[in-house]
1. Treating only the Cβ atoms of Lys and Arg (+1) and Asp and Glu (-1) as charged, compute the dipole magnitude of segment 257-329 about its Cα centre; round to the nearest 20 debye.
2. Arrange the residues E158, E224 by how much accessible surface each exposes, largest first, with a 1.4 angstrom probe.
3. Go through segment 88-180 and name the trypsin sites (Lys or Arg not before Pro) that are in a DSSP coil and have 13 or fewer other Cβ atoms within 10 Å of their Cβ.
4. Would you mind classifying segment 1-89 by shape? Square roots of the alpha carbon gyration tensor eigenvalues, ordered a ≥ b ≥ c; an a/c under 1.5 is rounded, otherwise it is prolate if a/b is larger than b/c and oblate if not.
5. Provide, for the chain, the number of lysine pairs with alpha carbons under 30 Å apart, each pair being eight or more places apart or on different chains.
6. Considering only protein heavy atoms, what per residue accessible area in square angstrom results for the chain with a 1.4 angstrom probe?
7. With all protein chains present and a 1.4 Å probe, how do I9, I240 order by accessible area, largest first?
8. Cα axis of helix 315-332 to longest principal axis of the chain: angle in degrees, 0 to 90, nearest 10?
Amino acid sequence: MPSGRYETIILYSRNDAFGDGLIRIPALRAARTAFPDSFIVYGTTRSSSLEHSLNRHARHLVDAINVRTPLARLVADHRKGKERLAVVDFRISARWLLQASASLLGRGIAYEANFPAFALSWRLGHRPEARPGHNAWRYHRLIERLAGKRLPFDHRLEPSPAARAAARSLADGKHAPMIIIAAHGSASKRMSADQVAAIADSLIADGANLLYVKTPGDGPDMAELAQRVPKLRLVDSAAIGGVDIGDILLALGEFADLYIGAEGGTAHLMATVMTPMVILNGGANMTRWKPLSNCVDVIATRHASPTGLVADVPAPTLIEAAQRMLATRRRDHPHLPDKPVSAAALGQRHA
């Protein structure tokens, strides 16, 4: 669609789990950059993590968030007189996108949809354009198409000062490779206590400073982990000093040498502060869902596990991947500091 001034822009998705919300943030930033004076509405058919757990990072980018609201209702609510209205549709179902396109046809509403080759907003005289492979870049490209120009892509998040203070306390000032493990999650993504204990024993013996962070979902019993690996430091999912655990994870990830966990929301969160990571992928399409980090080693469970389950990947496979990642980082970036995490060191870094 031709670029122009839109009084209202509706960004629409079906449902945002934690990871979905994270990879939509670059598109929200691009929309606010391209259309600083427009009223930007973010809507969903179901729920959205941008309304609650990620709201701190999204609320200044949009003017309203309307969850569980049909697209037709949002269009009716915001179509006033002859004001220019645009809809950017992040959904992936061809049926829904075709229905939405047909309902908006001839109404003077700009429509950009996440459709193969962006065919629903194809213009005469222009060649079809292939969609980017990664979902985050697809959403971002939709905003660029609406704006008619290239826009910055920024997926990073910023921890709060309170989270950094809590992270300093948790890191305990140790001068050692800091590794974060998170094994809780949905049934298909959780790791076992045996995996965590074996990984922790091996890496602690190698001199690493390990933190296990309990994230939402089911997973290893914390009391059992404390008994089996006394040197493994445990961080519960409850807020610490009033600071949300997701915010603390961001701060820990800023100076962690490695994150180990399953593909999912926590991995996408750690990628926003560019934490190197080893992740277990139980079947997600990595072309579309790979964490946007600078350094990612993906272990495909269908090849590494006899059952294809995350929990059945042998611990030595994970330990080898972690050691390989740490060794590669030392070889390829020999001038990186050893990550001292004293209060003074972190204060200098974030001054």
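The values are calculated or read from the model by the stated rules, or taken from the named source; none is laboratory data. Given the structure is predicted, the values throughout are model-derived calculations rather than measurements. Cβ sites come from the backbone with ideal geometry, for glycine too, and all protein chains shown count toward neighbours. Just the protein is used for accessible areas: all its heavy atoms, side chains included, with ligands, DNA and RNA removed. Shrake-Rupley method; radii C 1.70, N 1.55, O 1.52, S 1.80 Å.
1. 180 debye
2. On the way: E158 105, E224 70 Å².
So, going from the largest accessible area down, we get E158, E224.
3. Qualifying residues, ordered by number: R107, R123, K149, R150.
4. Oblate.
5. 15
6. 45 Å²
7. So, going from the largest accessible area down, we get I240, I9.
8. That works out to roughly 80 degrees.
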